[in-house]
Amino acid sequence: MSATAPAAAASTPRTILCMKWGTKYGPEYVNRLYAMVRRHLSGDFRFVCLTDDSKGIRGEVQCLPIPALDLPAGLPERGWTKLATFSKDLHGLRGTALFLDVDVVVTGSLDEFFTRPGEFLIIHDYKRPWRITGNSSVYRFELGAHPDVLEYFRANFGEIRQKFRNEQAYLSDFLHRQGKLQYWPKAWCPSFKYHGIPAWPTNYWRTPEVPHGARIVIFHGECNPPDALAGRRNRRFRFIRPALWVGEHWRE
């Protein structure tokens, strides 16, 4: 396990990495993510989006194709595509990468995400913290340093699919067994669903707020940023007031 923070040499700049595939998220998600990172990360960085459609994405973002995983057609979406970030040679990219889901909202400084010691850092699972599983909305790694994650996946997909529900469960288990898995401080990457919505029945009169100490708020499950901003939830009888703070951060 690494005891020192990764260096960000001038020849291998820090990289913000995201992915956009399919039609669920439009280019505005990538554009707003770039703008939030620019406001909250000091110094130089490279912003890369692995995508199957670069239309509408702002010029500061380097758009590159997603490496093919060659999975069987018709599979349910379980995030397996993210494992392409662990390619041995990801379009020649090198250095330290911070992966961000395109639907997160950045609310605080990102500088320490690059300086915190550790070989591989990820969010600890919110719902079942006694498990090792991480939430892969935010993870940091050295580009090209973990090709075995992808190589083993490609060679054993049938077995992996039976054992793990999604990519983050497989990824966490694989790196945990190598002694490389570590977690971000709990306050840094809270869940809007679990930490940002007031408890019932106060959700009927209290407005959702940014959780204390949050730097990146994660939107997973039933709400994404525009839903939270509008006060919508996609499950019945789960009322929330508009989270107006989202509009202050989730913008270009």
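The values are calculated or read from the model by the stated rules, or taken from the named source; none is laboratory data. Keep in mind the model is a prediction, meaning the values are calculated, not measured. Because the Cβ atoms are built from the backbone with ideal geometry, glycine has one as well, and the counts that use them run over all protein chains shown.
I need the strands (runs of 3 or more DSSP E) fully contained in region 110-186, keeping only those with at least 2 residues that are within 18 Å of the chain's Cα centre (by Cα), among the hydrophobic types (A, V, I, L, M, F, W, C) and closer than 28 Å to Phe45 by Cβ.
Working: elements: 120-124, 134-142, 181-183.
Once the strands (runs of 3 or more DSSP E) in region 110-186 are filtered for at least 2 residues that are within 18 Å of the chain's Cα centre (by Cα), among the hydrophobic types (A, V, I, L, M, F, W, C) and closer than 28 Å to Phe45 by Cβ, what remains is 120-124, 134-142.
Collect the residues in region 234-252 that are part of a loop (DSSP other than H, G, I, E, B) and either in contact (Cβ under 8 Å) with a residue 12 or more places away in the chain or touching a helix residue (DSSP H, G or I) at 6+ places or on another chain (Cβ under 7 Å) (or both), keeping them in residue-number order. It would help to see each step written out before you state the result.
Kept after step one, since they are part of a loop (DSSP other than H, G, I, E, B), are these residues of region 234-252: 234-244, 250-252.
Of everything in region 234-252, those that are part of a loop (DSSP other than H, G, I, E, B) and either in contact (Cβ under 8 Å) with a residue 12 or more places away in the chain or touching a helix residue (DSSP H, G or I) at 6+ places or on another chain (Cβ under 7 Å) (or both) turn out to be Asn234, Arg235, Arg238, Phe239, Ile240, Arg241, Pro242, Ala243, Leu244, Trp250, Arg251, Glu252.
Search region 116-144 for residues that are in contact (Cβ under 8 Å) with a residue 12 or more places away in the chain and pair each with any residue that is surrounded by fewer than 17 Cβ atoms within 10 Å (Cβ to Cβ) and of a type in the set (A, V, I, L, M) when their beta-carbon atoms are under 7 Å apart and the residues are at least 6 apart or on different chains.
Listed by first residue and then by second, the contacts come to Arg116/Ala5; Pro117/Ala3; Pro117/Ala5; Glu119/Met1.
Check region 84-97 and report whether any residue there is touching a residue at least 40 places away in the same chain (Cβ under 8 Å), closer than 23 Å to Gly196 by Cα and among the basic types (Lys, Arg).
Scanning region 84-97, I find no residue that is touching a residue at least 40 places away in the same chain (Cβ under 8 Å), closer than 23 Å to Gly196 by Cα and among the basic types (Lys, Arg), so the answer is no.
Restrict the check to region 208-228 and report whether at least one residue is without any contact (Cβ under 8 Å) to a residue 60 or more places away in the chain and touching a Cys at 6+ places or on another chain (Cβ under 7 Å).
No: region 208-228 contains no residue that is without any contact (Cβ under 8 Å) to a residue 60 or more places away in the chain and touching a Cys at 6+ places or on another chain (Cβ under 7 Å).
So that you can scan it fast, the table gives a plain yes or no per residue for (1) crowded, with 20+ Cβ neighbours inside 10 Å; (2) of a type in the set (A, V, I, L, M, F, W, C):
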| site | (1), (2) |
| --- | --- |
| Leu75 | no, yes |
| Gly79 | no, no |
| Gly92 | no, no |
| Leu100 | yes, yes |
| Thr107 | yes, no |
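Can you give me the number of residues within region 122-131 that are modelled with pLDDT of 95 or more and surrounded by fewer than 22 Cβ atoms within 10 Å (Cβ to Cβ)? Talk me through it step by step, then tell me what you get.
Taking region 122-131 first, the residues modelled with pLDDT of 95 or more are 122-124.
Next, from what is left, pick out any that are surrounded by fewer than 22 Cβ atoms within 10 Å (Cβ to Cβ): 124.
The qualifying residues number 1.
Those residues that are crowded, with 22+ Cβ neighbours inside 10 Å and more than 23 Å from Gly118 (Cβ to Cβ), I need them from region 173-200; list them, please.
Within region 173-200, Phe192, Gly196, Ile197 qualify.
Answer with yes or no whether Pro6 is in a loop (DSSP other than H, G, I, E, B), in contact with a His (Cβ under 9 Å, 6 or more places away or on another chain), outside the structural domain of Pro226 (by TED's automatic domain parsing) and modelled with pLDDT under 95. Show your work before the answer.
Details: in a loop (DSSP other than H, G, I, E, B): yes; in contact with a His (Cβ under 9 Å, 6 or more places away or on another chain): no; outside the structural domain of Pro226 (by TED's automatic domain parsing): yes; modelled with pLDDT under 95: yes.
In short, no.
Mind checking which strands (runs of 3 or more DSSP E) fall wholly inside region 13-71 and carry at least 2 residues that are more than 14 Å from the chain's Cα centre (by Cα) and surrounded by 15 or more Cβ atoms within 10 Å (Cβ to Cβ)?
Values: elements: 15-20, 46-51, 62-64.
Counting at least 2 such residues, we get 46-51, 62-64.
Could you list, in sequence order, the residues of region 203-226 that are modelled with pLDDT of 95 or more and not in a loop (DSSP other than H, G, I, E, B)?
Correct list: Ile216, Val217, Ile218, Pro225, Pro226.
For region 90-97, check the following and say yes or no: at least one residue is under 30 Å from Leu244 (Cβ atoms) and outside any loop (DSSP other than H, G, I, E, B). Quick ask: steps written out before the conclusion?
The first filter runs over region 90-97 and keeps only residues under 30 Å from Leu244 (Cβ atoms), leaving none.
Within region 90-97 (the criterion being under 30 Å from Leu244 (Cβ atoms) and outside any loop (DSSP other than H, G, I, E, B)), the answer is no, since none of the residues qualifies.
Going by the structure shown, is Thr81 part of a helix (DSSP H, G or I) and at pLDDT below 95? I'd like the intermediate steps shown before the answer.
Details: part of a helix (DSSP H, G or I): yes; at pLDDT below 95: yes.
So Thr81 passes the test.
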